[in-house]
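Enquirer: Before I ask anything, here is the structure I am working with.
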Amino acid sequence: MNNFHYTKASSVDEAVLAGKGAENYFIAGGTNLLDLWKYDLTHPQKMVDVNGIEELKTITELPNGGLRLGALVTNNTTAYHPLVEARYPLLSRTILAGATAQIRNSATNGGNLLQRTRCYYFYDPASPCNKRNPGSGCPAVEGQNRLHAILGFSDKCIATFPSDMCVALAALEAVVRVTGPNGSREIAFADFHRLPGDRPELDNTLGQDELITAIDLPPRGYAEHHNYLKLRDRNSYAFALVSVATGYELEAGMIANARIALGGVAHIPWRVEAAETYLEGKAPTEASFAGAADLILAGAQGFEHNAFKIELARRTIVRSGMMALDPSCQRPGAPPSL
Ligand SMILES: Cc1cc2nc3c(=O)[nH]c(=O)nc-3n(C[C@H](O)[C@H](O)[C@H](O)COP(=O)(O)OP(=O)(O)OC[C@H]3O[C@@H](n4cnc5c(N)ncnc54)[C@H](O)[C@@H]3O)c2cc1C
């Protein structure tokens, strides 16, 4: 039996105080943490239940025209919030492309950012895994690697980050607000998740004792032209093999600015700013998006079972770009992916 302490926090300060300690964990929806615990992959000494912190359960407008999503707002509440649907439909779509309604009713925004990889070897305590047990090896390199990375991997780890929501947050250039024992800080979304390098056990740059309090969305939401295309082995209840979030603004029929982020291909949501700059001033055509795809996938490398992802990603970038032009894909209630 694993003994552990349980405490319920009703304020950010209480949570941060109680959360101090290497094996202390905040618990929100519990949809990932409890699985990790049951699989014997994590061994909490103390669970700090943050569900009583009411101030983190709101969605509020920011003076700059952006939106603040509380860390404890559930994924479903966020996806169906009228302001999110109207101004950030790309975010709604990515959330609704993930998991199931039941899971999204428990899963929170903060927890979504911190969910762990779905690498089969990571979830098997009998397997070596550098992410779970640093220095033990990465069987995925020579093993079952269909779900694994084609970009940004290292010889220590080829796992991918599985979140859908975070693909939109990367494209939207969200900002993560956190509070820890040394005060509060903001982390640009591009700096939040990290590549595996020599430390694959670290998924992100959040301190162990820091609490995510909110995610800020900048004013630009790409409501007019956006799309999320998620390709997976089953059409529901499965993680992405490749996914693409696309948003752009048009001026006189030409792309004025663009964002493209990929999921399922790396240890982080993958974004290449040079590809977005390349699209500026170009017509939204298959040729333009194919050119952007070349820049995004430069250096991509496949393994025995996932080399197909390179061509799949290229085609998905082009298709998602074209779907973002199609008015029938922009209306509320349009399918999250075709
Ligand atoms: C069967 C299944 C299918 C799924 N399919 C998908 C999918 O297709 N796409 C997808 O994107 N996701 C999918 N998910 C993952 C799901 O979205 C995540 O499990 C969920 O978002 C995690 O949120 P949570 O609130 O439950 O986090 P928890 O499980 O409570 O916590 C996860 C981690 O975050 C930490 N944490 C939680 N909140 C905070 C906070 N505010 N500050 C600091 N640390 C915090 C916890 O300590 C823990 O380490 C699936 C999950 C399941 C179980």
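Enquirer: Once you charge only the Cβ atoms, +1 for Lys and Arg and -1 for Asp and Glu, what is the size of the charge dipole of the chain about its Cα centre, to the nearest 20 debye?
Expert: 600
Enquirer: Describe numerically, in nm with one decimal, the distance between label points set 7 Å from Cα along Cα→Cβ at Ser236 and at Lys20.
Expert: That separation, rounded to one decimal, is 4.7 nm.
Enquirer: Let me spell out the model: positive unit charges on the Cβ of Lys and Arg, negative unit charges on the Cβ of Asp and Glu, origin at the Cα centre of region 226-330. What dipole size does that give, in debye rounded to 20?
Expert: Magnitude of the dipole: close to 360 debye.
Enquirer: Could you give the nm distance between label points at Thr205 and Ala290, where each point is 7 Å from its Cα heading toward the beta carbon?
Expert: For the pair Thr205/Ala290, the computed spacing is 3.7 nm.
Enquirer: Karplus couplings for region 127-133 from phi (6.51 cos²θ - 1.76 cosθ + 1.60, θ = phi - 60°), rounded to Hz, Gly and Pro as x?
Expert: 8, x, 6, 5, 6, 8, 9
Enquirer: Once the cut-off is 24 Å, how many percent of the Cα-Cα pairs in region 82-205 end up in the long-distance tail?
Expert: Value for region 82-205 (Cα pairs over 24 Å): 37 percent.
Enquirer: Roughly how many debye, to the nearest 20, is the charge dipole of region 114-227 about its Cα centre, given +1 on each Lys and Arg Cβ, -1 on each Asp and Glu Cβ, and no other charges?
Expert: 200
Enquirer: Right, next: Quick one: Karplus J couplings for region 257-266, per residue in order, coefficients 6.51, -1.76, 1.60, θ = phi - 60°, nearest Hz, x for Gly and Pro?
Expert: 7, 9, 9, 9, 10, 10, x, x, 10, 7
Enquirer: Which distance in Å, rounded to a whole number, links the C-alpha centroids of region 222-296 and region 4-26?
Expert: Here the answer is 39 Å between Cα centres.
Enquirer: Kyte-Doolittle mean at least -0.5 and Cα extent at least 30 Å along the axis: which DSSP H helices of the chain qualify?
Expert: Qualifying helices, which must be both long enough and hydrophobic enough, do not occur.
Enquirer: Further question on the same structure: Could you work out the helix-only [θ] at 222 nm for the chain, with each DSSP H run of four or more residues adding -39,500 (n - 2.57) and the total divided by the number of residues, to the nearest 500 deg cm²/dmol?
Expert: Calculated from helices alone, the mean residue ellipticity at 222 nm is -7000 deg cm²/dmol.
Enquirer: If I take all pairs of Cα atoms in region 145-198, what percentage of them are more than 14 Å from each other?
Expert: Here the long-distance tail beyond 14 Å is 63 percent of all Cα pairs in region 145-198.
Enquirer: Of Lys230/Lys309; Lys8/Lys131; Lys156/Lys230; Lys38/Lys230, which sit over 24 Å apart, Cα to Cα?
Expert: Where the Cα-Cα span goes over 24 Å, the pairs concerned are Lys8/Lys131; Lys156/Lys230; Lys38/Lys230.
Enquirer: I've got another one for you. So for the chain, Kirkwood radius off the Cα pairs, Stokes-Einstein at 10 °C and 1.306 mPa s: how many µm² s⁻¹?
Expert: Estimated via Stokes-Einstein, D reaches 78 µm²/s.
Enquirer: Okay, next question. Taking the radius of gyration and the Kirkwood hydrodynamic radius from Cα positions alone, what is the Rg/Rh ratio for region 76-130, to two decimal places?
Expert: So for region 76-130, dividing Rg by the Kirkwood Rh gives 1.14.
Enquirer: Quick check: net charge around His5, other residues with Cβ under 12 Å of its Cβ, Lys/Arg +1 and Asp/Glu -1?
Expert: 0
Enquirer: What is the P(r) of region 226-330, as percent of Cα-Cα pairs per 10 Å bin from 0?
Expert: The distribution over region 226-330 is 16, 50, 27, 7, 0, given as percents.
Enquirer: Also, quick follow-up: For a quick check of your reading of the filter: which chymotrypsin sites (Phe, Trp or Tyr not before Pro) in region 20-68 sit in a DSSP loop and have no more than 15 other Cβ atoms within 10 Å?
Expert: Tyr39
Bear in mind these aren't lab numbers, they're just calculated from the coordinates by the rules spelled out. Model, not experiment: these values are computed from the prediction. All Cβ positions, even for glycine, are placed from backbone atoms using ideal geometry, and neighbour counts span all protein chains on display.
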